[in-house]
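Data first, discussion second: the structure below is written as structure tokens.
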């Protein structure tokens, strides 16, 4: 069965980093520019994020609070955290995937104060536990 979802493109690839400034410099050297920086709440403090873009490619570099860096360093399955898809209507996409029985990671789309007017996102799990994020920039 194929669902009628309005996936428009891959929005970004999320990369957890242990030193945001060093990672931003590294990717800037590859021609990426910081198009959005912000902070986000985490159970162990405040994290920081930077969206680095080159052409149509966007990388989300995020640094967890120091108390939570063990989450990144202890990974044995690589460092790409998720693939995010742009959608035109996050709430309709959530309802469609919920109704179809997909494994949702959030009980509802989550608002973040990213970009000029914020964004809303939610994740589903793929068959091997991979996280697929659906995101609408507001």
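Those residues that are over 22 Å from residue 119 (Cα atoms), surrounded by 13 or more Cβ atoms within 10 Å (Cβ to Cβ) and without any contact (Cβ under 8 Å) to a residue 12 or more places away in the chain, I need them from the range 1-56; list them, please.
Hit for the range 1-56 is 26, nothing else.
Residue by residue through the range 93-112, note down the ones that are within 14 Å of residue 136 (Cβ to Cβ) and touching a strand residue (DSSP E or B) at 6+ places or on another chain (Cβ under 9 Å).
93, 94, 97, 106, 108, 109, 110, 111, 112
Would you list the strands (runs of 3 or more DSSP E) that sit entirely within the range 29-138 and hold 3 or more residues that are touching a helix residue (DSSP H, G or I) at 6+ places or on another chain (Cβ under 9 Å), closer than 22 Å to residue 18 by Cβ and modelled with pLDDT under 95?
The qualifying strands (runs of 3 or more DSSP E) are 45-54, 57-63.
When the residues of the range 6-23 are filtered to those that are outside any strand (DSSP E or B) and touching a helix residue (DSSP H, G or I) at 6+ places or on another chain (Cβ under 6 Å), which remaining residue is modelled with the highest pLDDT?
Of everything passing the filter in the range 6-23, 17 is modelled with the highest pLDDT.
The values are calculated or read from the model by the stated rules, or taken from the named source; none is laboratory data. Computed from a prediction, not measured in an experiment: that's the story for all the values here. All Cβ positions, glycine included, derive from the backbone under ideal geometry; neighbour counts span all protein chains shown.
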